[in-house]
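Here's the structure we're looking at; comments come further down.
The values are calculated or read from the model by the stated rules, or taken from the named source; none is laboratory data. Since the model is a prediction, treat every value here as computed from it, not as a measurement. Counting neighbours? That spans all protein chains shown, and the Cβs are built from the backbone with ideal geometry, glycine included. These area figures cover heavy atoms from the full protein model, side chains too; ligands, DNA and RNA do not enter into them. Shrake-Rupley method; radii C 1.70, N 1.55, O 1.52, S 1.80 Å.
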Amino acid sequence: MASSDALQLLKSSIATSRPPIPTTSSDPSTAEDNRTESLADATHLYFTYPSAQCLPLDTKTRFTSQNPDTTQVDLRSIFFAWLQKDVTVSEYFASAGELDKKLPEGQKIRCLIFVERLDLITWLEGASDESEHIKPIEGTAAGTVEAADRAADVAGGTAVPTVGGSGVGVTQTAGGRPVKVIDARLQAIYNGERRIGDHNSVLRGVKPTDFSHVRKHAETFLGRRKGMAPSGKPGQGGRPAQLASRPATGPSKPIPSAVSSKRSDPIILLSPSASSLLRMSNIKTFLDTGLYVPPDHPTLSTQTTANLLHITRTLHSLSEKPFRFILVDSPEHFKPDYWSRVVAVFTTGQVWQFRGYKWRTPQELFGHVVGVYVGEKGLPIPAEVKGWGSSVKTFTVERWDERAHGGDVDQETRVSRRWRDRETVEEVWRAIEAYMRGRGEWRR
């Protein structure tokens, strides 16, 4: 049999339960006496079916692998993959590495990726008659192809009738030895299975597909273009921009443009940092009721985690009518005019917070809005915050004590023990009110 048919020869041998034997001899008459258990010492594979012959282990087969580039895989690597068919992927690679240490350069094992290895084992077992990784036989004699086809039919179970409905058929091979084969109906089920593909072929294609045009088209309908109307021009009939929603919080709410035609709602930006003492989970409790509770405290679990909150506050030096403040932790999808409504930015001193801002440097940002830093009493104020000037106001809150302020303490006791929080909150509001008074647009 031609060396290019080594793969079909291996499949036929497995189908008849006569797997090849590793040997150090190239002569079939002495191959049995020179058999070895180590693929590092073996030079040939000795086949006994359909006729006695020896094939070199470095014979190139029709199986192609793309790891790391597309080349024909040698018989040694194919046989090694078959021997390792019942082990995990990590064990398969580990065994190949151990074997490579004993093999000379140029004869190393070519490891197959998961999809290729699965495809090879499925084909060798006869569960599939086709493989995208196996090239068709070219230039083979008609008699050889016919014999190979018969062997494949026996292995697949399509050449024998169903026996007893048990899924296993029994026939006689050329040597008269009974062989168990797969039932034809079971083979039909195998042939109908969906072949596993990689990320490039899963969409029924051989080339990667660029779907960027779909994303651009969707942006028109989802309103994701910052400050752009569906027509592509700024300010022409576009829907109000929406804040990005978090995965577990449901759809985001649009920022109201104004309470009335005369006065816009001021906006307060929070820091999205996980190290911030004040986040969306506890900012309303802090600014509205004057009580600090850690943002991840269990007592806050029933409160909303939406990315947009409202707080009503009366600033008597500006108006007797209460202001409704909008609190968000991200300026993504801000309209350009929203930045004129930002009155305060809470920060932890981390510069990355300002990447999506209109003013990306702290010096420029805090030249337009007032900065608020709230830290824990007893800890030093970050040097970055000190270096940003007097526009960043610094405040501190008492350290949280779970035994004194925790879940076992009722609300009234907690408020009485953290009375200094109210004083801090009033100072924060005075800083915001002074800034808004200096701006002039929110005066009476």
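What the table shows:
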quantity: Test for L315: is it touching an Asp or Glu at 6+ places or on another chain (Cβ under 7 Å) and within 23 Å of K284 (Cβ to Cβ); calculated: yes
quantity: Enumeration of residues in region 28-73 that are open to solvent by 70 Å² or more (accessible area, probe 1.4 Å) and part of a loop (DSSP other than H, G, I, E, B); calculated: E32, D33, E37, D41, P50, D58, Q66, P68, D69, T70
quantity: Which listed residue, of E105, E132, E98, E91, is touching a residue at least 40 places away in the same chain (Cβ under 8 Å) and at negative phi; calculated: E132
quantity: Among residues of region 428-444, those that are assigned to a loop (DSSP other than H, G, I, E, B) and surrounded by 13 or more Cβ atoms within 10 Å (Cβ to Cβ), counted; calculated: 1
quantity: Residue within region 323-346 that is under 30 Å from the mean Cα position of the chain (by Cα), modelled with pLDDT under 80 and either in the same structural domain as T424 (by the TED database) or open to solvent by less than 40 Å² (accessible area, probe 1.4 Å) (or both) present; calculated: yes
quantity: Selection status of V351, within 34 Å of the chain's Cα centre (by Cα), at negative phi, open to solvent by 10 Å² or more (accessible area, probe 1.4 Å) and of a type in the set (V, I, T); calculated: yes
quantity: Output for region 354-373, where each listed residue is in a strand (DSSP E or B) and open to solvent by 20 Å² or more (accessible area, probe 1.4 Å); calculated: Y373
quantity: Members of region 386-398 that are over 22 Å from P294 (Cα atoms) and open to solvent by less than 80 Å² (accessible area, probe 1.4 Å); calculated: G387, W388, G389, S391, V392
quantity: Selection status of T299, under 31 Å from the mean Cα position of the chain (by Cα) and not aromatic (F, W, Y); calculated: no
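Every residue, every condition in (1) under 24 Å from K386 (Cα atoms); (2) touching a residue at least 12 places away in the same chain (Cβ under 8 Å), yes or no:
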{"residue": "P298", "(1), (2)": "no, yes"}
{"residue": "L315", "(1), (2)": "no, yes"}
{"residue": "W339", "(1), (2)": "no, yes"}
{"residue": "Q353", "(1), (2)": "yes, yes"}
{"residue": "T361", "(1), (2)": "yes, no"}
